[in-house]
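Just so you know, all these numbers are worked out from the coordinates, no wet-lab data involved. These figures come from a predicted structure and were not determined experimentally. Note that we place each Cβ from the backbone using ideal geometry, even for glycine, and neighbour counts take in every protein chain shown.
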Amino acid sequence: MLYMFEALNTGFNFFIGLGAPAMMFIVITLLSLLFKVSFSKSIEGGIKMAIALTGMSAIISLLTSAFGPALNSFVESTGVSLSITDLGWAPLAVITWGSMYTLYFALVCIIMNLIMLFTSSTQTLNVDLFNIWNISIIGLIILDYSNNNIFITTLFVVFIYALMLINADVMKPTINKLLDYEETNITTTAHPSLLVAPIVMIFNKLIDICIPFIDKYDFNAEILNKKIGFWGSKFAIGVYLGLFIGLLGQQSPQEIFNLAFTAGVALELFAYVGGWFGPAIEPLSDGVTTLMSKHLRGRKLFIAIDWPILASRAEVWAVANILAPILLIIAMILPGNQVLPLGGILLTVLTPALLIVTKGKVIRMTIIGTIMIPLFLWAATLIANFLTSASIAMNSFPAGLSEGQLFSSVDSDPLEKMLAVLLGKTVSTMDLTLILSSIAALAAYILMFIWYFKQMKKDNLKATELNKSSHIKNDVLKVSK
């Protein structure tokens, strides 16, 4: 028996030693075959996932190798303690998709989705399997802080995933309105980043009470984007960032230009290579969808895909461009922050939720986004030690960062990660103060979501009544003519 366990352990260590790209090539291929996807499509999905992970690692290495010396000089010359480098969402995806726990979390989330569908607790079937990494990182944080308490970890992961599905349901009417979808359209999104919407709703209601007149000064985001043009692109924002850090880091002209152009390339490539993950997971996602649909015949379903269904709205990018310099300024003066925004400078983890709640009001989106920026910076600072140690353990530490240097991601769900750290520490220590804090924090989180859900329901009802009244007026005008 002991020999068998040793053999299994040796085999597992060999598998982990292959590295995340090779691991995920094998896993995605085998899982796709298990869900009756054709051999050719299964292999294709596995290869695309491996290439996407390899591409992301290469871009991160490019960015960190170029910015490492400049960031160190920046910290020394300015005295600003921004010693943690923000590398965007990519390192989180690399870490999670290199962990076997991600497959476990994916399985329990799929089961939860099925249970909620069969019990009519949701109408949403989430086929966006790639973004399970957002859930996995939360699970991995709890595991790390709780000394591998898989029971509490599973409960929290399932809880967050259930809220994602409920949120997808309640957002659907607003998505229809924003994107001009027909009522028969079944597309929605259950992206985890949209769980920040309840906080956005609180500030939106405060604006209703305190400064409702600001809506009079709102403007057309599409026109703004056209006027900005290239100067608001990822290329240009990367160049600004490189120039800024190079100058503050007192680099030579040659080094400053190198930083500027490298950052421009990296920010553009993050978005480009990030687009490879969706097609990589598509064959597996199709297999899961087909299997689920067979058991849910006759039921009306919403199909949840990635958040970029909202990317066609100009407000998302207009506000992202406005918030980018604000994020950088706040990072430099915010007490308790140690993160220098880089990879997540565009804050697309926040702008979709701002769009949904404010219904695309640019001024409201900008005000609320500015107020909420500290939350993302503090959360990124909080998880930096975990992310760095996890990447070292998985042999995926970004090349170019010096030994002992921390990295993190602004591009993540702040409240859920803060809760994960708190719960993990509570389970590990069973300290009475932490237990009471965890109970209070979870209660506040749940109550906030319930309140938000009711507000969204009210907004949906008002929108439906307005649509009905407008249709009646149109019918009356037609008859009178």
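Determine, for each peptide in 382-393, 192-203, the mean count of other beta carbons within 10 angstrom over its residues, then list the peptides with the highest first.
On the way: 382-393: 18.8, 192-203: 22.0.
The most tightly packed comes first, giving 192-203, 382-393.
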Out of residues 5 or more away from S408 or on other chains, whose amide H comes under 5 Å of its own, with H placed 1.01 Å from N in the peptide plane?
T85, D86, L87
Placed amide H near T124: partners under 5 Å, 5+ positions off or other chain
F302
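What is the sum of charges around E282, taking Lys and Arg as +1, Asp and Glu as -1, for the other residues whose C-beta is under 14 Å from the C-beta of E282?
Working: positive: K41, K48; negative: E44, D128, D286, D306.
For residues surrounding E282, the net value is -2.
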